[in-house]
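Accompanying notes for the structure given below.
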Amino acid sequence: MKSTVEQLNPTRVKVTVEVPFAELEPDFAKAYKSLAGQVNIAGFRPGKAPAKLLESRIGRPAVLEQVVNDMIPARYSQAVDEHDLKVLAQPDIEVTKLEDGELVEFTAEVDVRPEITLPTYSDLSVTVEVPATDDAAVDAELDNLRARFGTLKGVDRGAQKGDFLSVDLAATVDGEPVEEASTEGLSYELGSGTLVEGLDDAAEGLKTGESKEFTSSLVAGDHAGKEAIITVTVQSVKERELPDADDEFAQMASEFDTLDELKTDLAEKVAQQAKAGLAGEIRDKVLEALLEAADVPTPENIVDSEAHQQLHSIFGDAAHDDDMINSMLEAEGTDRETFEAETREGAARAIRSQFLLDAVAEQASTDVSQEELSQHIMFQAQRYGMDPNQFVQQIQQAGQLGSLFSDVRRSKALADVIAQVTIKDTDGNTIDTTEFFGSREDQSADSVEAADSADAIEADAENTDEKAADA
């Protein structure tokens with residue numbers, strides 16, 4: 001067998017394979033045996049008819065078709081291994097030559113991982129903002145906790161930012177009422193900016209029973225994008241009354257007996273959140289710097305497939321209901337074309353990141369130990385609230401164990417790069433990243449554990465914020 005590779009573009013190759021008939025004798029024997037079992041010939045038991053007689057019955061072309069179809073997968077795989085191709089998808093195969101008794105030639109076009117020229121990591125520099133962990137940050141965390149236990153009290157004054165209002169909204173376009181943009185008794189936190197643009201400015205200062213008109217663009221419905229005159233009427237104004245920050249509050253809101261103990265615990269959480277947030281920002285900034293410094297082409301087919309899967313996952317059962325999808329997107333202030341373009345852009349960036357970190361790992365010969373993989377699996381199982389053994393069974397059944405392995409390897413590769421990049425804060429001070437990701441001399445499970453811990457703290461912080469918002 002002879003094979004050659006033609007580079008069609010940075011992410012796609014054409015493999016041409018020639019197989020002499022002399023190498024196909026075992027394939028012919030296998031094909032005869034298979035076909036003989038499917039044809040009944042008088043005087044012979046099933047599968048025992050001579051090859052010549054079998055050919056005369058079913059025809060030489062049928063035998064050749066069976067041989068060629070059966071031999072292509074193994075010869076293609078052999079060519080891929082010979083040329084060390086890192087294929088990304090199933091190939092497009094075409095039989096280009098079939099000379100009976102001489103040779104078979106076929107081509108296979110397939111997407112492959114691109115060759116990436118990596119930058120010198122020590123030449124890279126990023127700047128990050130270090131989160132505050134002082135007394136003011138602790139007091140802010142305490143106020144967030146107090147807000148979760150706060151009560152709403154009606155006030156007889158003009159509305160202020162942070163107040164909770166009950167409002168009626170009525171909209172008109174060209175003098176005609178817009179029913180879908182009108183509502184009554186809507187609860188709204190003034191200053192949150194979560195409703196119609198301009199509402200915060202219009203409602204601020206209004207007392208109960210007062211109204212005001214303002215102009216804004218509608219973002220959904222039949223009049224989306226059009227200017228509307230909107231009237232806001234305030235039905236009630238309530239302010240959040242926070243409980244006193246004292247020992248009694250500490251006992252009610254936590255497992256601590258005194259306010260000092262609670263503040264000490266909050267200080268530790270603020271420090272942990274700051275550390276996790278800083279670690280996450282460092283990872284993101286260094287990866288962004290790497291992507292900017294390296295040319296990482298992406299196969300269009302792979303990006304399209306990934307974007308399609310993401311869209312199908314997001315839209316779920318509505319995947320074939322255009323009207324439902326458009327309504328969902330209008331409610332989010334966007335349209336289908338924009339959303340699909342943003343999804344595709346995100347998919348392309350994710351694929352570029354994977355290619356780049358895989359190249360970094362290969363250059364550094366980054367390895368993943370069983371302990372590191374097990375540690376990551378334990379973390380993921382805990383994150384999803386699952387028994388680790390059950391989690392492992394599920395990812396094995398879904399064929400995702402290799403994906404988890406790759407995630408750990410990429411995390412280690414990025415940690416190795418971070419150790420070589422200059423990281424500074426906004427004041428120009430150099431940040432020692434060994435606290436977050438370990439040193440290059442000790443690149444073991446520490447870097448994986450640091451990444452998982454940072455993700456866990458960030459997730460915990462998001463959950464805390466959501467609970468505070470719901471309270």
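The values are calculated or read from the model by the stated rules, or taken from the named source; none is laboratory data. Everything quoted here is computed from the prediction, not taken from an experiment. Glycine also receives a Cβ, built like all others from the backbone with ideal geometry; neighbour counts cover every protein chain displayed.
Check residue 164 against each of (1) crowded, with 16+ Cβ neighbours inside 10 Å; (2) at positive phi and name the one condition it does not meet.
(2)
Tell me whether the range 229-236 contains one or more residues that are within 38 Å of the chain's Cα centre (by Cα) and either touching a residue at least 40 places away in the same chain (Cβ under 8 Å) or in a loop (DSSP other than H, G, I, E, B) (or both).
Looking only at the range 229-236, we keep the residues that are within 38 Å of the chain's Cα centre (by Cα), and these are none.
Checked the range 229-236: no residue is within 38 Å of the chain's Cα centre (by Cα) and either touching a residue at least 40 places away in the same chain (Cβ under 8 Å) or in a loop (DSSP other than H, G, I, E, B) (or both).
Answer yes or no as to whether residue 360 is modelled with pLDDT of 95 or more, crowded, with 17+ Cβ neighbours inside 10 Å and either under 27 Å from residue 305 (Cβ atoms) or of a type in the set (Ser, Thr, Tyr) (or both).
Details: modelled with pLDDT of 95 or more: yes; crowded, with 17+ Cβ neighbours inside 10 Å: yes; either under 27 Å from residue 305 (Cβ atoms) or of a type in the set (Ser, Thr, Tyr) (or both): yes.
It is true that residue 360 is modelled with pLDDT of 95 or more, crowded, with 17+ Cβ neighbours inside 10 Å and either under 27 Å from residue 305 (Cβ atoms) or of a type in the set (Ser, Thr, Tyr) (or both).
Could you list all residues from the range 140-189 that are aliphatic (A, V, I, L, M), under 39 Å from the mean Cα position of the chain (by Cα) and more than 23 Å from residue 244 (Cβ to Cβ)?
Within the range 140-189, 165, 167, 169, 171, 178, 181, 186 qualify.
Being within 19 Å of residue 11 (Cα to Cα) and among the hydroxyl-bearing types (Ser, Thr, Tyr) narrows it down to one residue among 343, 298; which is it? Walk me through how you get there before you give the answer.
Numbers: 343 fails: within 19 Å of residue 11 (Cα to Cα).
Going through 343, 298 in turn, the sole match is 298.
Output yes when any residue across the range 27-46 is part of a helix (DSSP H, G or I), closer than 15 Å to residue 97 by Cβ, at pLDDT 65 or above and out of contact with any Asp or Glu (no Cβ under 9 Å at 6 or more places or on another chain), and no when none is. Before you say what the answer is, go through the steps one by one.
Taking the range 27-46 as the starting set, the residues that turn out to be part of a helix (DSSP H, G or I) are 27-36.
Cutting the leftovers down to closer than 15 Å to residue 97 by Cβ gives us none.
No: zero hits.
Within the range 380-393, does at least one residue satisfy the condition of being under 29 Å from residue 270 (Cβ atoms), modelled with pLDDT of 85 or more and buried (at least 16 other Cβ atoms within 10 Å of the Cβ)? Outline the logic, then answer.
At the first step, the residues of the range 380-393 found to be under 29 Å from residue 270 (Cβ atoms) are 380-385.
The next check asks that each one be modelled with pLDDT of 85 or more; those that pass are 380-385.
Within this subset, residues satisfying the condition of being buried (at least 16 other Cβ atoms within 10 Å of the Cβ) are 380-381.
Yes: the range 380-393 contains one or more residues that are under 29 Å from residue 270 (Cβ atoms), modelled with pLDDT of 85 or more and buried (at least 16 other Cβ atoms within 10 Å of the Cβ).
Would you mind finding the one in 325, 314 that is over 15 Å from the mean Cα position of the chain (by Cα) and either within 30 Å of residue 438 (Cα to Cα) or in a helix (DSSP H, G or I) (or both)? So that I can check it myself, show each step before the final result.
Working: 314 fails: over 15 Å from the mean Cα position of the chain (by Cα).
Every option except 325 fails the conditions.
Test residue 224 against the criterion of being among the hydrophobic types (A, V, I, L, M, F, W, C), closer than 30 Å to residue 329 by Cβ and in a loop (DSSP other than H, G, I, E, B), and give yes or no.
Details: among the hydrophobic types (A, V, I, L, M, F, W, C): yes; closer than 30 Å to residue 329 by Cβ: yes; in a loop (DSSP other than H, G, I, E, B): yes.
In short, yes.
Any chance the range 260-269 includes a residue that's within 30 Å of residue 349 (Cβ to Cβ) and small (Gly, Ala, Ser)? Steps first, please.
So in the range 260-269, the residues within 30 Å of residue 349 (Cβ to Cβ) come out as none.
Scanning the range 260-269, I find no residue that is within 30 Å of residue 349 (Cβ to Cβ) and small (Gly, Ala, Ser), so the answer is no.
So which strands (runs of 3 or more DSSP E) are wholly in the range 134-214 and hold at least 3 residues that are in contact (Cβ under 8 Å) with a residue 40 or more places away in the chain?
Numbers: elements: 151-154, 164-173, 183-189.
Counting at least 3 such residues, we get 151-154, 164-173.
So if I check each of 424, 412, which one is in the same structural domain as residue 365 (by TED's automatic domain parsing), touching a residue at least 12 places away in the same chain (Cβ under 8 Å) and buried (at least 19 other Cβ atoms within 10 Å of the Cβ)?
Values: 424 fails: buried (at least 19 other Cβ atoms within 10 Å of the Cβ).
Checking each option against the conditions leaves just 412.
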